[in-house]
Structures are given as C-alpha cells and as structure tokens.
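Q: After the structure tokens below, expect a handful of questions from me.
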Amino acid sequence: MEDLATACCPGLATGDALAGGVAALGLTMVSNFFFERHAWLHFLVGLVFCYFGIRILITSPAKPVPIVGQSKLLGGYTSTFFMTLTNPATFASVFGMYAGLGVKIPKDEYLSAALLATAIFIGTAAWWLAIGATLSFCHNGLSKSAISTINIVSGALIVAVGVAFVVWV
C-alpha cells in the first residue's frame, strides 16, 4: 500500500506541475479569457467550493475498499500522471487560481514559468506525501466517528473558502 502511495504522489505532482507550466508558458488566449472574467469566475469558483464542502459535510464516510493485486511503482506513477493530465478540472483549477490570484507571466518569461511549475510540483508533492503519510500512520486506526469528524471539519473549511471567494468578488 505504501509503495503505491509513494508512486502515485509524484504522478499527481508531475501532472499538476505540467498543467501549471503549460498555463504559465503562455496560453494567452485562455489566460486572457480568465482574466477578463475574473470577478465572475471568482464567484463561480466560490460556489463550486461551497457545493463540494456541503457534499463532504452531508456524505457519510465510505467503506474501505480492499486493494487487489500488487501494483508496480511505474504503473502507479504513470496512471496518476495521465489521470491528472486528462482531468479537465486540473487545468480549470490552475487557470482559475491564476485568475483569482492575479498571476500573470509575461510572454517569453520561461524562467518564471519554470519556477512556477516547480513550485506547483513541490507544493503538490508535499501535500500528497503528507496525506499519504497520515493515512499510512492511521491505517485502520480511524473509527467511523473520527472520519465523520474529519469530514465535518474539512467540509466546513471548504465551505468557508467558498464563501470567502463569493464575498471577495
């Protein structure tokens, strides 16, 4: 289990970094689209956060699914990498964050784009490693009530971020 988590984390981080790098390198037409609609998108992203936060709040914890078979590290990395790249939400969230935060990379600023992609990789890798380490540490030790509490806290935080986005238009 830990080997699969170890392989998946870099796959997710690489996919996110590539999406961030592509966005930073100049899809100016797309980034101009997002920048011109900054307030509207900010509001829409806030509503999406509120929706997902509420869904987390009202959903009961899922039952653990047993993992069948042994996965190879390269397979775990490759599958999560391509899953991340083919997920439209990856690119939408990157462009949405760039628009929401006002990030603009001037044309032909390849070093800035590379640094931004590297920062995305490091942040995503750290995030998923922390999640993987926490889950490995807890393994089967979390009760249903503990998972419910985690869902309530995380759902409330996501709703709060959504409300902040909606209000901060």
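The values are calculated or read from the model by the stated rules, or taken from the named source; none is laboratory data. Computed from a predicted model, the values in this text were never measured in an experiment. Note: ideal-geometry Cβ built from the backbone for every residue, glycine included; neighbour counts use all protein chains shown.
Q: Within 21 Å of residue 84 (Cβ to Cβ), modelled with pLDDT of 80 or more and assigned to a helix (DSSP H, G or I): does that describe residue 115?
A: It is true that residue 115 is within 21 Å of residue 84 (Cβ to Cβ), modelled with pLDDT of 80 or more and assigned to a helix (DSSP H, G or I).
Q: Being assigned to a helix (DSSP H, G or I), at pLDDT 80 or above and over 19 Å from the mean Cα position of the chain (by Cα) is the requirement here; does residue 120 meet it?
A: No.
Q: Next up: Restricting the search to the range 53-77, which residues are exposed (fewer than 15 other Cβ atoms within 10 Å of the Cβ) and modelled with pLDDT of 80 or more?
A: Of everything in the range 53-77, those that are exposed (fewer than 15 other Cβ atoms within 10 Å of the Cβ) and modelled with pLDDT of 80 or more turn out to be 55, 58, 59, 60.
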